Structure formats: C-alpha cells, structure tokens
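Data first, discussion second: the structure below is written as structure tokens.
All of the numbers you see were taken from the coordinates with simple rules; none came from a lab. Note that the structure is a prediction, hence the values are computed from the model and not measured. Cβ placement follows ideal geometry from the backbone for every residue including glycine, while neighbour counts extend to all protein chains displayed.
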Amino acid sequence: MSVTRAVRRAPLRLGAFALAGVMLTACGSGSDSGDSGDSKAGGGQVTVTVDLFGAFGYQEAGLYAEYERLHPNVKIKQTDTEDEQDYWKSLQTRLAGGGGLADVQALEVGRIASVTQKQADKFADLKEYGAGSLQGEFAAAKWAAATTKDGKVLGLGTDVGPEAMCYRSDLFKAAGLPTDRAELATKWATWDGYLVLGRQYKAKGPAGSSWLDSIASLNSVMIGQAKERYYDASGALIYENGPAVKSAWDASVRAAADGLSAKLDQWSPPWNQAFSSGSFATMPCPAWMLGYIKGQAGDAGKGKWDVAKLPGGAGNWGGSYLAVPRAAQHKKEAYELVKWLTAPEQQTALFRKQGNFPSAVKAIGQIADARDPYFSDAPIGQIFGAAAEQAPVQVLGVHDKDIADQITNALSEVERKGTPPETAWSNAKKAVKNALG
C-alpha cells in the first residue's frame, strides 16, 4: 500500500521486500494466549482503532464490515494518512510520548528493520497472543523481517509488492507503438529498451503526454530489483558506491535528460489527476498500484490501461506489516483482527478488489488465473505471481526508507529544478548523512 508508498505504501504503500521460493499461508489457528485484561468485561463492545498509511483497502473491500458481522462485540475505527513519511513522523512522536497510539499500527517494509532493531520495546510481542503457531504459515523471509534477534514477533505481514509495468494502450496506439503486452515485454526486456521506446513515444506521442510519470518512480522500481541496495548482507552501508543504486540513478537522470518524464511528484494532486488526463503513458507499478489507478482514473479509464512484464527482471516495491503497540488499549482484540486480516481468505478478497498481492501460498493459488477487466483483461495473477516468485529477497537496513526518501528528493531536484545530476547526488549524500545522524 505502501507505498513509497514519498511512497504511499511504499507509501507507496514506499522500501522494498520480495518473497522467494515457496510462499506459505499467512493465516493460522494460533491459540489465544497472552494478556486478555484489555477486553471489556461482560461482553461489552470494544472499539479497535487501526492507523494506516496510503490505501490498504480493508475498508473499501468490505473486510471491516465482515469482521464486525462475525464479531458483534467489536467496532473498528480506522484513520489513514496518505503520505507514509508523514505517517512515520507522527508515529515516532506518539511512540516517544506513549500516547495517541492506535491498537493496530501499520509498518512499511522499509521501516521494519528500524522497528525490530531500535524500537522493539515499543511494540507487543505477538507470540504472547498466539502468533508463534503461525510461523510455518508465513514465508521465512517475510516472518524473519519482523522478528527480533531474541525471537519477538512484532508484526504480521500483509501484502507484497511484485512489480510490472502499467501502460496506456490507447496512447501507445496513438504514438504508433505496439500495444500487445507480450510484444512489449520483449521490446523492453531491458531498461535500455524501455528508454528507447520512450524516445520513440516522445517523438510521436500525443501532445502534452510524457513517457513516464516521474524519474523517481523509475528509480524506485529499479532499486526494487536488487538484492543489496543500501546495505550489504553484513549490515554495512553501501548506497554511495553500490551498483544497484548507481544503475538506477544513471537510468533515471538519463530519462530526465531525454525529456521522458512528466515531472509529477508522486501522491501530489497533479499526479492524481494525470491518471485520467493522459499526462503519462507508462508507470512502473507494484500490484497494489492497480487499485490506486482505478480510483484515480475512474470508469473512463477502463480498457485504456494494460499491464505487461517489467523491464530488467522481477522486482518488488512495497509490502507492509500490521503491528500492535505496547501502549494499545485493546491488544488481544487488536491481535485477533490482525490475524484475521492477514489470513489467506482476506488476502484473496483484497487482491480481487484492490490488487494488493497476497503473501500466502493458499491465496496465491486462488488468484493464479485472475484477470482484470479494467486493465484490458490482463492476466494479473500470472504476471504478478511470476514476479513474486522470481524477485530477490532483499537485504533490509535500519535506514532504508530514509535513504530512499533523500534519493527521491534529489531526483526531484534534477527534473523539477534542472539541478545537475552530480550536484543533486552530492546533495543526496549530505541529506542522508543528516538523516542518519
């Protein structure tokens, strides 16, 4: 969702995480253990508060209403901050003060290492409520990322963000470019091929329409294809000289120099409006972005959008966790809700309605043949499923999101202000050092 999702859930609903090998179910039959003293006596109604960033889609998919139907004593109240950076800053303030925290707090994957390594005392160990029995039902990497060195489980995984390329087939046709998703996957098998097509689009595409939304989105998706990005496996900071960061940066500034970007800051009002206006023809998109595009482009966009395999190989952008703060008022009820929301049945429903790609193998099997009429009947289950299987398990660092944000800011300088790439990169390094302290 995530968003960055700044990322909406990456965020964008924004950080990156990939599953490898067999993905196991996120639902379990863990026993209810731990403190139950935060339940209201006598079976009275409990209001469980949920604080999210971006658009997780639980409310839109009707999952809260279904949970309340199944649990008449529970009422769910959600708050939502669109920008993940704003959400994270607010969460840090509330964690420091110990007040104002929701019963359930979302954590973007780019923050999870910071939480497990630096803020474990601020969140409940979900094993105290029965989560230990769920370990075998989660992919090892997804489970491990939210587990501290001493074995505490601080969150249950929601979606993952396997990536593809979303594109406007009507604009491609107007520019004389191929519209068939299989042919495009061949032509842009590499990022160089993608930029070649971009230059062709610039020459012949509709007036006022650019090849991609922003170079920041290009950078994010390319970073999502690398195993080691900002840190190496030993925990050493490598972003300054790492090949993944350099390759993504070089491609992004080249796209800016070629005039291929619409120069739209992601999650800004102009960016939102551009989905329906045709201001850009392509956008690297994780699975969760499909729901966002539908929401912004509306009914008029149905059949104009399509989805194809991502250039440069599989990658991942986004993915989140649901956690319960130690200061939460209703920890047991919060855990039960978290366990239910991350179960395969709910992950399947969420994918079909919002596009959030599940992390449970049972759910993945259920959506393998899924197609999306809105996106020209694209076989999204197959496209995103293959990406999820092939994407690397990335090394996560404490300051992944902070570093990504500063690089995004620097790229915005390049395309919005015309700052020379060398100067912008120098500014990014200074900003990273300041952010890391």
Please work out the FRET efficiency for the pair Gln135 and Asp80, using the Cβ-Cβ distance as r and a Förster radius of 22 Å; give the result to the nearest 0.05.
-> 0.15
Sticking with the crude label model, points 7 Å out along Cα→Cβ, report the distance from Arg371 to Ser234 in nm, one decimal please.
-> 5.2 nm
Picking from Ala189, Phe172, Leu154, whose Cα lies most toward the positive end of the charge dipole for the stretch 139-200 (charges on Cβ: Lys, Arg +1; Asp, Glu -1)?
-> Leu154
The stretch 143-187: which trypsin sites (Lys or Arg not before Pro) are DSSP loop and have at most 13 other beta-carbon atoms within 10 angstrom?
-> Lys149
Does the stretch 173-304 come out rounded, prolate or oblate, given a ≥ b ≥ c as the square roots of the eigenvalues of its C-alpha gyration tensor, rounded meaning a/c under 1.5 and, failing that, prolate meaning a/b above b/c?
-> prolate
What length, rounded to one decimal in nm, is gained on full extension from Ser268 through to Ala207, with 0.36 nm per residue of separation minus their alpha-carbon distance?
-> 19.8 nm
Calculated from DSSP H runs of 4 or more alone, at -39500 (n - 2.57) each and per residue, what is the 222 nm mean residue ellipticity of the chain, nearest 500?
-> -12000 deg cm²/dmol
A chain fully extended from Asp150 to Gln45 at 0.36 nm per residue, minus the present Cα-Cα distance, gains in nm 34.3 nm
Straight-line reach from Lys417: which aspartates and glutamates have Cα under 20 Å away, leaving out those fewer than 8 places along the same chain?
-> Asp213, Asp250, Asp258, Asp265, Asp405
Identify all lysines with a Cα-Cα distance to Lys362 below 25 Å; exclude those on the same chain that are fewer than 8 residues away in sequence.
-> Lys127, Lys142, Lys309, Lys339, Lys353
Cβ-derived FRET efficiency at R0 35 Å, Gln117 paired with Asp192, nearest 0.05 = 0.40
Using amide H atoms built 1.01 Å from N in the peptide plane, name the residues 5+ places from Tyr231, or on other chains, whose amide H lies under 5 Å from its own.
-> Ile238
Roughly speaking, what is the stretch gain from Asn73 to Lys246, that is 0.36 nm per residue apart minus the C-alpha to C-alpha distance, in nm to one decimal?
-> 57.0 nm
Which links in Lys149/Lys263; Lys332/Lys430; Lys263/Lys302; Lys331/Lys430 stretch past 32 Å when you go from one Cα to the other?
-> Lys149/Lys263; Lys332/Lys430; Lys331/Lys430
Is the shape of the stretch 370-416 rounded, prolate or oblate, going by the alpha carbon gyration tensor and its root eigenvalues a ≥ b ≥ c, with a/c under 1.5 for rounded and a/b larger than b/c for prolate?
-> oblate
